Amino acid sequence: LHYPLRRQRQMCIRDRFKADQNVPESATLPPLDLPASLRAELNRVMPLTQVHLDRHEYAKHIACFGPTPAQYFSTSIEMLAAINASGFGEWLSAHQGQTVSRAAIQTAFKQHFNQKDARAMQLRCAAKPGSNVNNILTEIWFTIPTEQLHRFPAPESFGAGLRGNCAANIL
């Protein structure tokens with residue numbers, strides 16, 4: 001879940017990182033004050049807490065807007081659970097490891113969240129080493145205007161966001 005300066009929240013359904021990737025400045029940021037149960041859940045859904053990605057995300061995207069780390073990550077985890085439990089999350093899980101079209105992902109999003117288009121969803125992809133084709137899905141971001149956050153995941157909670165960088169067919 002990201003909170004950019006345009007005051008909209010965007011959510012990554014799943015962040016896929018290599019365990020050895022590091023967020024260099026994160027270790028120098030102060031530890032976040034989180035209840036033990038929230039810390040355990042955050043460690044489960046965000047494996048890169050081991051390299052302090054949580055500190056980076058909070059300091060870069062949230063700290064200046066007011067929510068405490070506990071408020072931010074509790075909301076993020078609840079939203080992630082709602083997405084993963086949705087028909088869209090089930091569709092993604094059923095197609096994990098398969099190559100599907102970008103259009104098929106967009107259609108699944110539109111159908112499961114009752115959207116007329118997929119502008120609220122940004123697909124972010126990376127290329128295989130030695131390739132310049134971004135066809136490996138790494139993140140899905142959803143744009144939710146701040147004033148609609150309380151309605152999430154209702155259809156009216158989504159707002160137009162940025163376009164992604166994925167190729168026509170995605171792993």
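Values as computed for the structure displayed
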| item | result |
| --- | --- |
| First in region 67-93 and under 21 Å from Ser37 (Cβ atoms), second anywhere and loosely packed, with under 15 Cβ neighbours inside 10 Å, Cβ under 7 Å, 6 or more apart | Pro69/Asp33; Ala70/Pro35 |
| Among residues of region 120-171, those that are crowded, with 18+ Cβ neighbours inside 10 Å and β-branched (Val, Ile, Thr), counted | 4 |
| Boolean, Arg163 is part of a strand (DSSP E or B), within 17 Å of the chain's Cα centre (by Cα) and among the basic types (Lys, Arg) | no |
| Filtered residues of region 75-106 (kept if open to solvent by less than 40 Å² (accessible area, probe 1.4 Å), under 16 Å from the mean Cα position of the chain (by Cα) and closer than 24 Å to Arg163 by Cβ) | Ser76, Met79, Leu80, Ala82, Ile83, Ser86, Phe88, Gly89, Leu92, Ile105 |
| Given (1) modelled with pLDDT under 95; (2) touching a Pro at 6+ places or on another chain (Cβ under 7 Å), number of the condition Thr146 does not satisfy | (2) |
| Filter pass, Asp54 being touching a Leu at 6+ places or on another chain (Cβ under 7 Å) and modelled with pLDDT of 75 or more | yes |
| Any chance Arg44 is surrounded by fewer than 17 Cβ atoms within 10 Å (Cβ to Cβ) and either modelled with pLDDT of 95 or more or farther than 25 Å from Asn134 by Cβ (or both) | yes |
| Test result for Met46, in contact with a Pro (Cβ under 8 Å, 6 or more places away or on another chain) and either without any contact (Cβ under 8 Å) to a residue 24 or more places away in the chain or within 17 Å of Phe142 (Cβ to Cβ) (or both) | no |
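Per-residue answers, yes or no, for (1) among the acidic types (Asp, Glu); (2) touching a Cys at 6+ places or on another chain (Cβ under 7 Å); (3) closer than 22 Å to Asn43 by Cα:
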| site | (1), (2), (3) |
| --- | --- |
| Ala82 | no, no, yes |
| Ala104 | no, no, no |
| Asn135 | no, yes, no |
| Glu139 | yes, yes, yes |
| Arg151 | no, no, no |
| Glu156 | yes, no, no |
| Leu162 | no, no, no |
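The values are calculated or read from the model by the stated rules, or taken from the named source; none is laboratory data. Quick caveat, the model's predicted, so the values are computed rather than measured. Cβ atoms come from the backbone with ideal geometry, glycine included; neighbour counts cover every protein chain shown. We work out accessible area using only protein heavy atoms, side chains counted, and drop any ligands, DNA or RNA first. Shrake-Rupley method; radii C 1.70, N 1.55, O 1.52, S 1.80 Å.
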